[in-house]
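Presented below is the structure to which this report refers.
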Number of protein chains: 2
Amino acid sequence: MVEAARARDAADPLAGYRARFALPEGVIYLDGNSLGALPLATRAAMARVIEREWGEGLIRSWNTPEVGGAGWFDMASRIGGKIAPLVGAAPQEVIACDSTSVNLFKLIAAALALRPGRKVVLSEAGNFPTDLYMIAGLEAQGLAERRLAERARLAEALDGEVALLLLTHVHYRTGELFDMAALTRAAHEAGALVLWDLSHSTGALPVDLHAAGADFAVGCGYKYLCGGPGAPAFAFVAERHHADLRQPLTGWFGHAAPFAFSDDYAPAPGIERLQCGTPPVLGLTALEVGVDLIAEIGVERLHAKSRALSEFFLECLGTLGVALELASPVASDQRGSQLSFRHPEAYALCQALIARGVIGDFRAPDVLRLGF
Amino acid sequence: MVEAARARDAADPLAGYRARFALPEGVIYLDGNSLGALPLATRAAMARVIEREWGEGLIRSWNTPEVGGAGWFDMASRIGGKIAPLVGAAPQEVIACDSTSVNLFKLIAAALALRPGRKVVLSEAGNFPTDLYMIAGLEAQGLAERRLAERARLAEALDGEVALLLLTHVHYRTGELFDMAALTRAAHEAGALVLWDLSHSTGALPVDLHAAGADFAVGCGYKYLCGGPGAPAFAFVAERHHADLRQPLTGWFGHAAPFAFSDDYAPAPGIERLQCGTPPVLGLTALEVGVDLIAEIGVERLHAKSRALSEFFLECLGTLGVALELASPVASDQRGSQLSFRHPEAYALCQALIARGVIGDFRAPDVLRLGF
């Protein structure tokens with residue numbers, strides 16, 4: 001097995017990228033799906049934003065580079081535009097802002113406003129908690145009605161009451177993939193809109209929001225995009241919805257003219273209306289480095305390597321005679337970039353592995369999750 | 001005047017703190033009320049969080065320091081607890097999270113939920129835009145009704161329909177101070193709650209939320225707290241409201257047990273329920289440095305120096321015979337840490353000053369704003 005692994009490394013077209021990340025000695029990191037590793041280039045970018053842009057430029061850095069600024073004002077759009085090709089969107093359809101949770105709230109509310117007379121937001125039982133909780137937040141306000149169905153019964157739960165179908169493309173626990181195009185079509189046939197949570201997809205595997213005809217999407221900046229702990233998230237809105245899009249978190253940075261300081265809100269013309277407060281410049285700076293690096297490597301190549309690695313891992317387990325119950329789909333084209341194993345002592349297993357320098361994570365109640 | 005200025009500098013008990021900030025050569029920075037200067041200690045803190053905590057610690061850094069982590073999980077509460085004494089609150093009443101705008105939305109919605117049958121949110125015409133826009137966002141959802149009054153007529157606008165009075169303690173444009181205690185009392189007598197926006201107060205002048213009997217507050221991290229561009233903001237909720245507080249942005253980090261991954265939302269017991277998504281660790285790290293430094297200098301001393309500086313500035317203008325219309329109160333105990341001047345060419349004046357290394361800012365349509 002060690003021979004086979006060495007042969008794979010020697011033939012790996014991505015091997016050179018290992019040196020672009022600061023991974024600690026002696027650690028085998030299988031948790032990029034929880035927190036992406038640190039790109040080496042982040043150091044210089046953060047020193048630049050802190051020393052030059054903040055320390056020396058001060059408020060002048062909000063201006064465009066043409067007049068000596070650092071372009072802070074447009075960062076959210078600029079980085080959104082760089083994320084767009086990773087998810088099959090046009091640059092003007094994506095913006096980097098707030099957290100995944102906050103963006104979910106905005107877009108669930110926006111979808112409900114686009115489907116007057118319907119209140120149901122349909123999702124999957126066991127979806128990532130924050131997705132379900134943000135529906136619950138709107139439900140407690142009397143604006144939404146949460147409906148959960150098992151994965152296999154989602155299609156039949158799509159009736160004329162459903163305003164929005166909200167699903168996570170790659171399941172955080174099992175890694176199982178939804179067929180984005182088929183479910184989007186089914187939702188549209190029922191007159192509902194679709195919001196895809198791409199937190200476990202973006203930067204890990206090819207995603208094509210346009211081909212699927214998706215309406216909305218959100219995603220995470222700190223997992224596969226390597227934007228750092230708690231990095232800003234992103235949001236996608238298909239251009240056909242821009243003109244009618246009304247989201248409730250109408251902060252001053254989403255205004256058509258933030259510096260006119262008028263008493264009344266008027267949304268910015270495009271995706272910028274999803275912004276709320278002042279952009280988090282330090283976090284966005286680190287996110288941009290991660291996005292640039294992932295885009296340079298290429299999601300197709302990353303995905304191919306991830307699949308090969310996870311298949312090899314399962315093969316090694318077989319050779320070693322380790323019997324662990326796989327919670328992920330066996331076929332690597334039906335799962336995201338992770339392998340999940342069910343075990344009654346999964347927590348202890350995870351701790352023991354970490355103590356040996358192999359970092360994965362535990363997901364209650366009984367899942368050991370390894371990212372590849 | 002130059003002699004007088006030198007004498008003041010020589011006798012200034014805070015003079016030594018100048019060296020704790022990285023201010024560029026040749027710049028006179030009068031815009032800390034827009035973006036606070038860079039504390040030198042931020043460099044080391046950011047290098048630590050990037051290299052050691054993210055790069056080496058990876059997901060282990062979420063844990064408490066006792067088990068080798070960096071305490072990321074509790075950062076929002078820890079930094080909130082450090083901001084608390086700057087605003088006259090108890091440590092368990094403040095949390096550092098999201099943006100001022102997002103926190104406004106949470107607390108306006110929470111106040112409306114605590115006053116069933118009332119929908120009016122009363123504020124001042126000309127309040128900082130994001131405060132007014134966040135009310136408008138809830139109004140567009142049918143949950144609130146925005147009512148604006150002139151400053152002098154706020155008391156008479158406080159009738160039995162008002163759920164919440166939302167005001168900014170120091171006006172962003174004029175620097176004028178509200179009497180926090182008197183207005184809070186008036187609101188309570190009308191059966192309304194009060195939410196203070198402390199964006200232009202926190203770290204600049206003493207604030208006593210407890211003495212005023214305030215219900216809620218929000219504030220900004222990137223102005224006087226020197227947390228960096230777009231730093232996380234904070235929110236205060238008086239402890240008496242904690243048990244009943246329901247806010248709509250119910251993300252997974254506000255859950256009582258975020259890592260139980262249950263389908264149903266249950267709020268964390270205390271102020272932690274105001275959290276929404278994963279905390280922005282890089283931004284919080286920079287914010288903590290700023291908060292620590294401001295706390296060390298002391299808000300009382302900062303305020304005394306700020307008042308002395310602004311009074312001396314006005315005296316110099318008089319001596320030089322510069323006739324500028326002061327938009328701020330003349331008495332320095334009735335204004336925050338700024339002087340605003342009205343001038344039809346305020347924009348050009350501001351640009352000309354910046355070109356000479358004197359950085360203030362312009363607020364449309366006709367205000368030149370200088371922070372001290």
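Among B:284, A:114, A:14, B:225, the ranking by other beta carbons within 10 Å of each residue's beta carbon, starting with the fewest, stands as A:14, A:114, B:284, B:225.
In a shell of Cβ-Cβ distance under 12 Å around residue A:249, excluding residue A:249 itself, what net charge do Lys and Arg (+1) and Asp and Glu (-1) give? Net charge around residue A:249: +2.
Taking B:316, B:220, B:276 in turn, the Gaussian network model of chain B (Cα-Cα springs below 10 Å) assigns the largest fluctuation to B:316.
The Cα center of the range A:67-129 and the Cα center of the range A:323-371 differ in position by 30 Å.
Under the simplified labelling scheme, the residue A:115-residue A:257 pair shows an inter-label distance of 3.7 nm, with each label point 7 Å from Cα along Cα→Cβ.
Using Cα-Cα distances under 8 Å and only pairs 6 or more residues apart, what relative contact order does the range B:174-322 have, in percent? Rounded, it is 21 percent for the range B:174-322.
In the range A:288-368, the ratio of gyration radius to Kirkwood radius, Rg to Rh, stands at 1.03 when only Cα atoms are counted. For a paramagnetic label modelled on residue A:316 (point 7 Å from Cα along Cα→Cβ), amide N atoms under 17 Å away belong, within the range A:352-372, to A:352-361, A:369-372. Looking at chain B as a GNM with Cα springs under 10 Å, which of B:59, B:83, B:359 has the largest mean-square fluctuation? Checking each option, the largest mean-square fluctuation is seen for B:59. Volume per residue of the convex hull around the Cα atoms, evaluated for the range A:123-256, comes out as 131 Å³.
Distance between the modelled labels on residue B:78 and residue B:243, one decimal in nanometres: 3.1 nm (7 Å Cα→Cβ projection). Spin-label model, residue B:188/residue B:47: points 7 Å from Cα along the beta carbon direction are separated by 4.9 nm. Projected over every direction and averaged, the convex hull enclosing the alpha-carbon atoms of the range A:26-173 yields 13.1 nm². Normalised by the number of residues in the range A:52-296, the average gap of Cα pairs under 8 Å and 6 or more apart makes the relative contact order 21 percent. Among the listed pairs A:223/B:119; A:82/B:106; A:82/A:305; A:106/B:223; A:119/B:223, those whose Cα-Cα separation exceeds 29 Å are A:223/B:119; A:82/B:106; A:119/B:223. By the Kirkwood approach, averaging reciprocal distances over each pair of separate Cα atoms, the range B:217-372 gets a hydrodynamic radius of 19.0 Å.
With viscosity 1.002 mPa s and temperature 20 °C, the Kirkwood radius over alpha carbon pairs of the range A:33-75 converts through Stokes-Einstein to a diffusion coefficient of 189 µm²/s. Divided by 2.2 N^0.38 Å, where N counts the residues, the Cα radius of gyration of chain B comes to 1.02. Per-residue ellipticity at 222 nm from helix content only, as computed over chain A with -39500 (n - 2.57) for each DSSP H run of at least four residues, stands at -9500 deg cm²/dmol. Counting from the shortest, the label point at residue B:325, 7 Å from Cα toward Cβ, is 7.7 nm from the same position in each remaining copy. Normalised radius of gyration (Cα atoms, divided by 2.2 N^0.38 Å) for the range A:196-291: 1.18. GNM, chain A, Cα, under 10 Å: largest mean-square fluctuation among A:153, A:118, A:273? The residue with the greatest mean-square fluctuation here is A:153. Across the protein assembly as shown, Cα-Cα pairs more than 45 Å apart make up 22 percent of the total.
FYI, it's all coordinate maths here, none of it is from the lab. Fair warning: this is a prediction, and the values are worked out from it, not measured in the lab. Because the Cβ atoms are built from the backbone with ideal geometry, glycine has one as well, and the counts that use them run over all protein chains shown.
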